[in-house]
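So the structure is just underneath, and the comments pick up after that.
The values are calculated or read from the model by the stated rules, or taken from the named source; none is laboratory data. If you're wondering where the values come from, they're calculated on a predicted model, not measured in any experiment. Here Cβ is always computed from backbone atoms with ideal geometry, including for glycine, and neighbour counts include all displayed protein chains.
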Amino acid sequence: MRRVPVLVLCGSLLLVASCGADERPGPGPPPAPRGVTADAGSATSVHVMWNRASGGTEVDAYEVYRGRKKVTEVPADTHMVDVTRLEPATKYVFTVRARDADGDLGPPSARVRATTPAAVVADGQAPSRPTRLAGRAVGSRAVQLSWGRSTDDRDVVSYDILQGGSKIHSVGGEQTAAVVTGLRPGTRYSFTVRARDAADNVSAMSAAVRLTTARGAGDGRGTAPTGFRAAARRAADGAYSLALSWLPPRADGVITEYEIQLDGHLATTLVWGGVPPRDRAAYDFYVGREKGVSYRVRIRAKLPDGTWGGYTVERTVSTAG
């Protein structure tokens, strides 16, 4: 099998190359959770979410901090929490840390900011009920939901998404769509949505939509990056690279990690250490100086629930002869 050299760069994009050896991380605290987001849920609450911390150390719990103060903790299978009893019209900074069974804390996540809206005096009117809730299963472990916008005498600040009567997610009031991941294959689910205003008035529940995920592991369609492009590029010194670009898959969270597969084998894992692109992403993959070589390349993304999504279509690219 042809060995492809991989560039290791410093900066916001970190690369982990596949060297063929079975390298496992040594003992140590859990890594920092990625994909942390914070959105105001009302004038006195903020909804914090994060991706599962993936690494060699088993996570026992997550601790959530407001500034330097720990405000709550949740078990390892929970990746969201509502931080309440906040002040209206106030800026807050949140971080999340993973903790293992021995009590060792990993490093803090990236800092995320959220501003609570101003309180509304004597607001007793709840938003209208969300309408036209619809959805579709995406493979075996995710669903896409959409609904009609609610109205309020002030403003809708957020929407709660419920699964079987339990709140599982929240999105900002400007959004009318969401993706729910981490579901079980071949399972029937019932989802509803409700609106919330700054005074924490909650609307009536929407009509339910019932969806069934696909059986088995799923083929990954709907979870793959789209618009995948690949072209050969020659540098001034004669070295060749593959210029790759793609659109991240629609997912409920931030995509920070991708795999590049070359000629049917894992070549490189890309991890964004800075702010991951939400629109078209691009990366130049170094392949050497040999002319007239054809490469088959495709990529896939690690989803916010910690599972790998589907592969893109495979592109064949040749260096100049």
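What the table below lists for this structure:
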item: Region 272-285: number of residues that are modelled with pLDDT under 90 and of a type outside the set (Asp, Glu); result: 8
item: Output for region 40-75, where each listed residue is surrounded by fewer than 19 Cβ atoms within 10 Å (Cβ to Cβ) and touching a residue at least 24 places away in the same chain (Cβ under 8 Å); result: SER54, GLY55, GLY56, GLU58, ASP60, ALA61, GLU63, ARG66, GLY67, GLU73
item: Selected residue (criterion: farthest from ARG196 (Cα to Cα)) from residues of region 29-42 that are part of a strand (DSSP E or B) and within 14 Å of the chain's Cα centre (by Cα); result: THR37
item: Residue check, VAL313 buried (at least 20 other Cβ atoms within 10 Å of the Cβ), of a type outside the set (Gly, Ala, Ser) and touching a residue at least 24 places away in the same chain (Cβ under 8 Å); result: no
item: Of the criteria (1) outside any loop (DSSP other than H, G, I, E, B); (2) touching a residue at least 24 places away in the same chain (Cβ under 8 Å), which one ALA118 fails; result: (1)
item: Every residue from region 302-321 that is outside any loop (DSSP other than H, G, I, E, B) and at pLDDT below 90; result: LYS302, TRP308
item: Total residues in region 43-83, condition part of a loop (DSSP other than H, G, I, E, B) and not aliphatic (A, V, I, L, M); result: 14
item: Of all residues making up region 178-222, the number that are among the charged types (D, E, K, R), touching a Pro at 6+ places or on another chain (Cβ under 9 Å) and in a loop (DSSP other than H, G, I, E, B); result: 1
item: Complete set of residues in region 242-292 that are in a loop (DSSP other than H, G, I, E, B), among the charged types (D, E, K, R) and over 14 Å from the mean Cα position of the chain (by Cα); result: ASP263, ARG280, ARG289, GLU290, LYS291
item: Condition check for THR90: surrounded by fewer than 20 Cβ atoms within 10 Å (Cβ to Cβ) and out of contact with any strand residue (DSSP E or B) (no Cβ under 6 Å at 6 or more places or on another chain); result: yes
item: Yes/no for THR95 being closer than 21 Å to PRO304 by Cα, at pLDDT below 90 and of a type in the set (Ser, Thr, Tyr); result: no
item: Hey, PRO225 assigned by TED's automatic domain parsing to the domain that holds TYR311 and modelled with pLDDT under 90 or not; result: no
item: Residue satisfying all of: in region 129-177; part of a strand (DSSP E or B), among the β-branched types (Val, Ile, Thr) and more than 23 Å from the chain's Cα centre (by Cα); farthest from THR212 (Cα to Cα) among these; result: VAL156
item: Failed item in (1) free of Cβ contacts under 8 Å to residues at least 60 places away in the same chain; (2) over 21 Å from VAL297 (Cα atoms); (3) not hydroxyl-bearing (Ser, Thr, Tyr), with MET205 passing the rest; result: (1)
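Conditions tested, residue by residue: (1) within 30 Å of GLY309 (Cα to Cα); (2) buried (at least 20 other Cβ atoms within 10 Å of the Cβ).
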residue: ALA119; (1), (2): no, no
residue: ALA134; (1), (2): yes, no
residue: GLY165; (1), (2): yes, no
residue: GLN175; (1), (2): yes, no
residue: ARG196; (1), (2): no, yes
